[in-house]
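First up is the structure itself, then whatever we jot down about it.
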Amino acid sequence: MLNDKLVKFCDDNFYDGKIILTKLSEYKKILLKENESMNLIGKSTLIDIDERHFLDCIQIFKYLPQHEKCVMDIGTGAGLPGIILSIIGFKNLHLIEKSPKKSSFLENCKSRLGLNYVVHNKCISEISNLNVDCITARAFASIEKILSMTKKIINKQTKFILLKGRSYLTELEKTNPQKYFWETHPSITSRESKIIIMGAK
């Protein structure tokens, strides 16, 4: 079962909301089962997985480019938001995860849920041969580090969509406004969190 807030969000925002909810429910079962033997998400967040993780990730859909664009989720971990993006229809999707165990989990989800993405079991700094339109990240690294790690694969058209917590202002203060533009949007799951949209000038 998924909570009412997540169900309403999917029904209100996606024409195939029922299919998306079915996939999310299947993903939730796999995630909870695998989390018993490996640290995919914090145990304190298990009770509120639908809103804390799923709704938090799916809310970024309105800031994303068209489905055929190349989207990369860095430090994807349990697939948040990477797997969520695949469930809502993104096909040209690359999930970056340096942990072999977590990468194996991502491959398992891809097979069992019939999803479409490429898993890169390596550090983001090792990737240089992709032309990326959009980069997403959640609970991964500071903005400063993300910009530094991805400099080989971004161009002036690349957009960053970053899910950030209460430290977002401190992190933005360290970002050079001559090199980057950004805007902040409220999160529907937390007053302290923001969705940061940014790119190179």
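The values are calculated or read from the model by the stated rules, or taken from the named source; none is laboratory data. Everything numeric here is computed off the predicted structure, so don't read it as measured data. Counting neighbours? That spans all protein chains shown, and the Cβs are built from the backbone with ideal geometry, glycine included.
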- Note on the structure: All-but-one check, I20 against (1) part of a helix (DSSP H, G or I); (2) surrounded by fewer than 19 Cβ atoms within 10 Å (Cβ to Cβ), failing number (2)
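Condition check ((1) touching a Phe, Trp or Tyr at 6+ places or on another chain (Cβ under 9 Å); (2) surrounded by fewer than 20 Cβ atoms within 10 Å (Cβ to Cβ); (3) farther than 22 Å from K62 by Cα; (4) charged (D, E, K, R)) across all residues:
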{"position": "L85", "(1), (2), (3), (4)": "yes, no, no, no"}
{"position": "N108", "(1), (2), (3), (4)": "no, yes, yes, no"}
{"position": "S111", "(1), (2), (3), (4)": "no, yes, yes, no"}
{"position": "E144", "(1), (2), (3), (4)": "no, yes, yes, yes"}
{"position": "M149", "(1), (2), (3), (4)": "no, no, yes, no"}
{"position": "T158", "(1), (2), (3), (4)": "no, yes, no, no"}
{"position": "L162", "(1), (2), (3), (4)": "yes, no, no, no"}
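Go through the range 143-158 and give me each residue that's touching a strand residue (DSSP E or B) at 6+ places or on another chain (Cβ under 9 Å), outside any helix (DSSP H, G or I) and more than 15 Å from H94 (Cα to Cα).
N155, K156, Q157
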- So which residues in the range 96-130 are in a loop (DSSP other than H, G, I, E, B) and among the small types (G, A, S), if there are any at all? S99, G114, S128
- Message: Being at negative phi, among the polar types (S, T, N, Q) and either in contact with a Pro (Cβ under 6 Å, 6 or more places away or on another chain) or crowded, with 20+ Cβ neighbours inside 10 Å (or both) is true for just one of Q66, Q59. Which residue is that?
- Response: Q59
- Message: For the range 133-186, give me each residue that is over 16 Å from the mean Cα position of the chain (by Cα), among the β-branched types (V, I, T) and within 24 Å of R52 (Cβ to Cβ).
- Response: T170, T184
- Message: Name the residue that is farthest from I196 (Cα to Cα), counting only residues in the range 61-95 that are among the polar types (S, T, N, Q) and not in a helix (DSSP H, G or I).
- Response: N92
- Query: Can you name every residue in the range 23-59 that is within 20 Å of T136 (Cα to Cα), assigned to a helix (DSSP H, G or I) and touching a residue at least 24 places away in the same chain (Cβ under 8 Å)?
  - Reply: L24, Y27, D50, E51, R52, H53, F54, L55, D56, C57, I58, Q59
- In the range 167-201, residue modelled with the highest pLDDT [restricted to those that are touching a strand residue (DSSP E or B) at 6+ places or on another chain (Cβ under 9 Å), assigned to a loop (DSSP other than H, G, I, E, B) and exposed (fewer than 14 other Cβ atoms within 10 Å of the Cβ)]: K179
- Item | Where a residue in the range 181-201 is touching a residue at least 12 places away in the same chain (Cβ under 8 Å) and under 16 Å from S167 (Cβ atoms) and its partner, wherever it lies, is loosely packed, with under 14 Cβ neighbours inside 10 Å and of a type outside the set (D, E, K, R), with Cβ under 6 Å and at least six apart | S193/G165
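Please determine, by comparing only the residues of the range 87-101 that are touching a Leu at 6+ places or on another chain (Cβ under 7 Å) and not acidic (D, E), which one is surrounded by the most Cβ atoms within 10 Å (Cβ to Cβ). Walk me through it before giving the result.
Start the filter on the range 87-101 by keeping residues that are touching a Leu at 6+ places or on another chain (Cβ under 7 Å), which leaves 87, 93-95, 97.
Next, only the ones that are not acidic (D, E) stay: 87, 93-95.
On the way: I87: 26, L93: 24, H94: 20, L95: 29.
Step by step, filter the range 87-101, then rank; the result is L95.
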